[in-house]
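Engineer: One structure follows; several queries about it will come next.
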Amino acid sequence: MLSDTNNKRAQFSTKIGVIATAVGSAVGLGNIWRFPYEAGSNGGGAFMLCYIFFIFLLGVPLICAEFIVGRSTRSNEIKAFEKLAPGKKWFLNGYIGVLASILILSFYSVVAGWTLEFFIAAVTGRMPSDMSELHDFFSEFISGNWRPLVWTVGFLLLNYLVVSRGVQKGIERLSNCLMPAMTLLLIAFCVNSLFLPGASEGVGFLFSPDFSKIDSHSLLSAMGQAFFSLSIGLGGMLTYASYFPDEVRLGRCATTTAVLDTFVAILAGVIIFPAVFTYGISPQSGPTLVFETLPAIFMNLPGGAIWAALFFFLLFMASITSTISMSEISIAYFEEEKKLCRKKATALTIGIAIVLGAVCALSFGPLSNIRFFGMTVFELFDYVSSNVCLPVGGMVTSVFVGWVIDRKIIDRQLNIRTNSLPWVKLLIFNLRYIAPAAIALIFLNSLGII
Ligand code: PHE
């Protein structure tokens, strides 16, 4: 019988620390950079509604599923599937997760590197305040030969420093104090955006859905965004849950994480779109949207450089709490399965990410004509991880928890004594039928198979 506790493994120390860490993993560039650009490219309001729908229909149940697998096994992702279904092939899902985590870490670090460049530009007074100068400043920067590279590598090295110090110390302290500060700052910017001349157009774009803009591709993107934003489908939440103490209530933690994460994404949308319409930026600009829009907002505020510096610093911190959780997926694997010490496991993970991240960093400039299916390497990594690996990983995890693992393990992890609680029944029904069917339908539909 599987043992639920293994005292030798590190654990998070407090309940509030657990929630702060799960939220720290979820809230990051996914909310502030990726959500607005995906919403902008996929029609705005209708995309946002689909995204919120997927967060609650699929996201919350899948976080619970990952939490259950992680905490009941207290292992890395691959071992976790092996422990719960010995001798079966389910552990292969863990490899998809490890692969996706490294792909995401690579391109995510490029964008996190951009936040560092902007932070330094704001602090040193290099950030232009004129719209067209800002545009040139950013496009020259991302298409350059070495600055994006230096920041990507620099960011990954910082990540190495935090992660190699161990689970508890590094991660918990950081997340506890910075997330609330960032939320307050976002609320303040939101209020500011609502007074911009383009506010009503921007808010209309985000809150009056036009469903004719939704097709199978935007549905897949909304689902991919929900997964990316909640760090699910690749075992991010599974790996974190393997360090949770037994008393933490998984259902409550999953819901809190999803609500806070969605709140931050909506705040980001309300900040960005009024400015997009005020400053005449195309909502469909893609990955560069937010980095062209935000500086325009800040530099038009009194004391703009200070706001910009503060914001990009906090965004950098939000990114690092997310990359720590991505790195942890493969580090736990290399440490426990390949028997490397923590430092070596971390160095290997970061080393691979540096090589792949360098290619992504240069794919806005010198390597921009290396394309696969019309996508640059950066876009390819982004697309394949969010729209292929995460949904597939999520579907397998859902079927696994719904059908394969013992109901007693689920009940014990959800702190249930009587097995008739309606929400648990609903959760299991969802994991058995709804989530796998919905993911498969959207996925196959967007491939044009059904
Ligand atoms: N959820 C994180 C964000 O929104 C990104 C992430 C994805 C983190 C996958 C861990 C695993 O920024």
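All of the numbers you see were taken from the coordinates with simple rules; none came from a lab. Note that the structure is predicted; figures quoted are calculated from it, not measured. Quick reminder, even Gly has a Cβ in these numbers, built from the backbone with ideal geometry, and neighbours come from all protein chains shown.
Engineer: If you take all C-alpha pairs in the stretch 13-151, what percent of them are over 25 Å apart? Let's see the in-between values first.
Structural biologist: Values: 4798 of 9591 pairs.
When all Cα pairs of the stretch 13-151 are counted, 50 percent exceed 25 Å.
Engineer: May I pose another question? Translational diffusion coefficient of the stretch 164-302 at 20 °C, 1.002 mPa s, Stokes-Einstein with Kirkwood Rh over Cα pairs, in µm²/s as a whole number. List each step's numbers first, then the result.
Structural biologist: Values: Rh = 17.5 Å.
Result for D is 122 µm²/s.
Engineer: A follow-up question, please. In degrees, nearest 10, range 0 to 90: what is the angle between the Cα axis of helix 15-26 and the longest Cα principal axis of the chain?
Structural biologist: Here the helix axis deviates by roughly 50 degrees.
Engineer: Note down the Stokes-Einstein diffusion coefficient of the chain in µm²/s, whole number, using a Kirkwood radius over alpha carbon pairs, 10 °C, and 1.306 mPa s. Don't skip to the end; give the middle numbers.
Structural biologist: Numbers: Rh = 21.9 Å.
D, rounded to a whole number, is 72 µm²/s.
Engineer: How high is the FRET efficiency from N445 to L348, r the C-beta distance, R0 41 Å, rounded to 0.05? Could the numbers behind the result be given before it?
Structural biologist: On the way: r = 38 Å, r/R0 = 0.93.
The calculated FRET efficiency here is 0.60.
Engineer: So, by mean Cβ neighbours within 10 angstrom, what's the order for 288-300, 212-224 with the highest one leading? Kindly include the intermediate steps, with their values, before the conclusion.
Structural biologist: Working: 288-300: 22.6, 212-224: 19.6.
By packing density, highest mean first, the sequence is 288-300, 212-224.
Engineer: Sticking with this structure for a sec: Measure up K89/K339; K88/K344; K88/K338; K339/K408; K15/K88 against 25 Å on the Cα-Cα distance and list the ones that go over.
Structural biologist: Values: K89/K339 22 Å; K88/K344 30 Å; K88/K338 20 Å; K339/K408 31 Å; K15/K88 34 Å.
Over 25 Å apart, Cα to Cα: K88/K344; K339/K408; K15/K88.
Engineer: Using the charge dipole of the chain (Lys, Arg: +1 at Cβ; Asp, Glu: -1 at Cβ; taken about the Cα centre), state which of F378, A308, C190 has its Cα farthest towards the positive end.
Structural biologist: The one lying farthest along the dipole's positive direction is F378.
Engineer: Another one. Give me the distance between the Cα centres of the stretch 228-304 and the stretch 378-450, rounded to whole Å.
Structural biologist: Result: 23 Å between the Cα centres.
Engineer: Net charge around P283, counting only other residues with Cβ within less than 12 Å of its Cβ (Lys, Arg = +1; Asp, Glu = -1)?
Structural biologist: Values: positive: K213; negative: E38, E201, E292.
Summing Lys/Arg as +1 and Asp/Glu as -1 gives -2.
Engineer: Per DSSP helix of 4 or more residues, -39500 (n - 2.57); summed, then divided by the residues of the chain. What does that give at 222 nm, rounded to the nearest 500?
Structural biologist: Numbers: 21 runs with 300 residues, N = 450.
Taken over the chain, the calculation gives -21500 deg cm²/dmol.
Engineer: Sticking with this one: Taking the Cβ of G365 as the center, what net charge do the other residues with Cβ under 11 Å away carry, scoring Lys and Arg +1 and Asp and Glu -1? Before the final figure, lay out each step's value.
Structural biologist: On the way: positive: R147; negative: E140.
With Lys, Arg at +1 and Asp, Glu at -1, the net is 0.
Engineer: Take every Cα pair under 8 Å in the stretch 25-109 that's 6+ residues apart, average their separations, divide by the length, and report that relative contact order as a whole percent. Don't skip to the end; give the middle numbers.
Structural biologist: On the way: 31 pairs, mean separation 13.3, N = 85.
After rounding, I find 16 percent.
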